[in-house]
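A.B. asks: First the structure, then my questions, so here it is.
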Amino acid sequence: VGFMLLLAFTTRYATYRLSLAAVALLLLVLAFSVGAGQRRSSLREPRTQLALGSLVSSALSLGVLWALDMEAWWWVTYGLVFGSVATMYVSLNHLSSCNAPVLQTPWPVKTPLPLGALDGWVIQQGKWTNGRMAMLTFDDGALCTMFGSVEGDATYLCLEPLAPVLSMPGISKWGVDFDAFRAASSSSLSEE
């Protein structure tokens, strides 16, 4: 992006403007995908969606300018790429500040989730799966994801809030009857 800034103020190497924008955009997409891929359900977070939209609009702009041979409009793509840097920073900064701990409990694979114990959750899977099973959006817009995880031979049911610890809602606002989950898990584990 630094070279793009230099080319924006000079006419030297003007023929390389769009190809440099393509390389910069590719590197930004790589960095964003690595950063956003570190957290489950990060693509459902509004700041991340804004950054993703900014990257997509930059790519579309670059594609249109390249396909229609409109190199005189290079500044449109440059502006969108520069804007993508700012939205990516805000998005990845928020994701890195989400330091709430993941709650996990051992969970047998054959035990169904007690769906009646989830209030306000969007259920995607009613039984344990190695991946996302349910999501909850808190009142302040923060997300919480229920997912299955495998560590060695053990399977776990995990809750991961995508929020900073200091702004996390209290456990009573999670819409989870933890006693029902504990009972379902312990009864299944005692049968084994």
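A.B. asks: What is the spin-label model distance, in nm, from F9 to T105 if the labels are put 7 Å beyond Cα along the C-beta direction?
C.D. replies: It is 6.0 nm.
A.B. asks: Tally Lys/Arg at +1 and Asp/Glu at -1 over every other residue whose Cβ is under 15 Å from the Cβ of L113; what's the total?
C.D. replies: Spelling it out: positives minus negatives among the neighbours equals +1.
A.B. asks: Sequence gap at least 6, Cα distance under 8 Å: using those rules, report the relative contact order of region 33-192 to the nearest whole percent.
C.D. replies: 22
A.B. asks: Hey, with R₀ at 35 Å, roughly what FRET efficiency would K173 and V90 work out to, going by the Cβ-Cβ distance, to 0.05?
C.D. replies: It comes out at approximately 0.85.
A.B. asks: At a 10 angstrom cut-off on C-beta neighbours, averaged per residue, how do the peptides 55-62, 152-159, 12-19 rank from highest to lowest?
C.D. replies: 55-62, 152-159, 12-19
A.B. asks: Still on this structure, I have one more. Read through the labelled values (1) 22.3, 75; (2) 20.0, 72; (3) 28.0, 115 and report the label of the one computed as Rg and Dmax of the Cα atoms in Å from the structure.
C.D. replies: Answer label, from the structure shown: (1).
Here, each number is a calculation from the coordinates, and none is a lab measurement. If you're wondering where the values come from, they're calculated on a predicted model, not measured in any experiment. Note that each Cβ is placed from the backbone with ideal geometry, even for glycine, and that neighbours are counted across all protein chains shown.
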